[in-house]
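Structure record follows, encoded as structure tokens.
Just so it is clear, none of the values below were taken in a lab; they were calculated from the coordinates. Note that this is a predicted model, so its numbers are computed, not measured. Methodologically, a virtual Cβ is constructed for each residue, glycine included, from the backbone with ideal geometry; neighbour enumeration extends over all protein chains shown.
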Amino acid sequence: MMRLGDTDPRLVQKLGTLSARVVEDALASGLTWDQAIVAFGIAAKAMAAKAASQGGGTPDEYALHAEKRLKEGMNRSSAVLKAYLR
């Protein structure tokens, strides 16, 4: 699993920036937090399907990988977002 402390600082910044933007958009969407989480899952599956369409695996393989990565993301501290959220 990728650890933020062992990651290129530019990648950490990109991850934090995107995560903060997603959180801000979710909070402003009018969805409940539960509904927003469902939307994240739908978006992850759509991204996996797009990646699969570019070759290298099936949509199911990519969706399984996306699910694994989402779970890895859930295991990270959200403290990295403090610098990005206002």
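All other residues whose Cβ lies under 12 angstrom from that of MET47 are scored, Lys and Arg at +1 and Asp and Glu at -1, for a net of +2. May I ask you to derive the FRET efficiency for ARG10 and SER53 from their Cβ-Cβ distance with R0 = 41 Å, giving the value to the nearest 0.05? Approximately 0.90, to the nearest 0.05. Between ASN75 and PHE40, residue separation times 0.36 nm minus the direct Cα-Cα distance comes to 11.0 nm. Across all directions, the shadow cast by the convex hull of region 32-86 built on its C-alpha atoms averages 4.8 square nanometres.
What does the highest-first list of 38-46, 52-60 look like by mean Cβ count within 10 Å?
With the highest mean Cβ count within 10 Å placed first, the list reads 38-46, 52-60.
Evaluating 6.51 cos²θ - 1.76 cosθ + 1.60 at θ = phi - 60° for every residue in region 61-71, the Karplus couplings come out as 5, 5, 5, 5, 5, 4, 4, 4, 5, 4, 5 Hz, glycine and proline recorded as x.
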